[in-house]
Amino acid sequence: MIPTRTDAVRIEVVDRVGVISFTRPGRRNALHDDMFAPMISAIEDFAADPDIGCVVVTGDGSAFCAGGDIREGSGRRPDGTRASREERISNLAANSRLSVLLHEAPIVTIAAVNGAAVGAGMAIALACDLRIASSSARFIGGWARLGFSGDFGGPWLLANRVGPSKALELLATNVTVGADEALRLGMVDRVVPVEQFDAEWRAWATTFAAGPKTAIGFMKDNVRNASVLSLADAIVIEAEHQVDSAQTADHREAVRAWIDKREPQFGQTD
């Protein structure tokens, strides 16, 4: 069974949507090392499960995620001794795989940003394919205030959303970006009123979850290739995806539904 819960994260499945919630509202959902393994494992399991068509990351309480929990410190071994530079780099890179999975896993990922997304929290939101924000949401790099340079792919992801110049300005000046400004800059895709937020992100996620999972995963790969491959190279991979999607149960169901003049019911097996 995929659904689980720890003291810091809740994982559940609702209507073919895998939902990962930060559950440390008293600490504004700040991250610590024990959170990453269950989240990474959940995303991998959701992506492999034919009964789940979308992943949502959100937070309990008034914040999405306040970034790393600096009160608990970092770079310490279980026995309390200081880890070496190489160990700290390795641990951070391993935890940051969360961002890579959200960005690259063959399943639609959505950040439902209910409040402040700071530092690594902002990076996690940007790593998702799509972002829906409450009107109370705000985005803050946060790293500059602490003398940090950025982690969890935040600088890379922000630069790819708003351009390198604007990204550097936002990061270095530690400016707070409100929901409406984030929409204007392309950091989020939708902004909804606070009182409608929960219903809106659930309805949006369900739309993706109801679609043909394998085909949408290929679409995600095709879209991502647009920024790294030439058209000629991308078309070759696109052709492979098109032929492979034609072999799926979802495609066969779509053809039957077209013949029967009804809506297809994706996610079924032959």
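The values are calculated or read from the model by the stated rules, or taken from the named source; none is laboratory data. Because the structure is predicted, anything quoted here is derived from the model rather than measured. So basically every Cβ, Gly included, is an ideal-geometry build from the backbone, and we count neighbours across all protein chains shown.
Some notes on this structure:
- For segment 71-89, the criterion of being in contact with a strand residue (DSSP E or B) (Cβ under 6 Å, 6 or more places away or on another chain) and in the same structural domain as E200 (by TED's automatic domain parsing) is met by none of the residues.
- Residue in segment 5-25 that is touching a His at 6+ places or on another chain (Cβ under 6 Å), of a type in the set (D, E, K, R) and at pLDDT below 95 present: no
- Single unsatisfied condition, G80 versus (1) at pLDDT below 95; (2) in a helix (DSSP H, G or I); (3) of a type outside the set (A, V, I, L, M): (2)
- The residues of segment 95-114 that are in contact (Cβ under 8 Å) with a residue 60 or more places away in the chain and closer than 16 Å to F197 by Cα, listed by number, are I110, A112, V113, N114.
- Checking each residue in segment 229-270 for being not charged (D, E, K, R) and not in a helix (DSSP H, G or I) picks out L229, S230, A246, Q247, T248, P264, Q265, F266, G267, Q268, T269.
- Of the strands (runs of 3 or more DSSP E) entirely within segment 107-203, those holding at least 3 residues that are buried (at least 21 other Cβ atoms within 10 Å of the Cβ), touching a strand residue (DSSP E or B) at 6+ places or on another chain (Cβ under 7 Å) and not charged (D, E, K, R) occupy 108-113, 116-118, 130-134.
- Flag for Q268 being surrounded by fewer than 15 Cβ atoms within 10 Å (Cβ to Cβ), touching an Asp or Glu at 6+ places or on another chain (Cβ under 9 Å) and either on the phi < 0 side of the Ramachandran plot or modelled with pLDDT under 95 (or both): yes
- The residue of segment 78-101 that is farthest from R224 (Cα to Cα), among those that are crowded, with 22+ Cβ neighbours inside 10 Å and out of contact with any Asp or Glu (no Cβ under 8 Å at 6 or more places or on another chain), is L98.
- Count - residues of segment 208-228 that are under 24 Å from Q268 (Cα atoms), free of Cβ contacts under 8 Å to residues at least 60 places away in the same chain and part of a loop (DSSP other than H, G, I, E, B): 1
- Hits in segment 1-44 - residues which are within 15 Å of the chain's Cα centre (by Cα), touching a residue at least 40 places away in the same chain (Cβ under 8 Å) and surrounded by fewer than 16 Cβ atoms within 10 Å (Cβ to Cβ): E44
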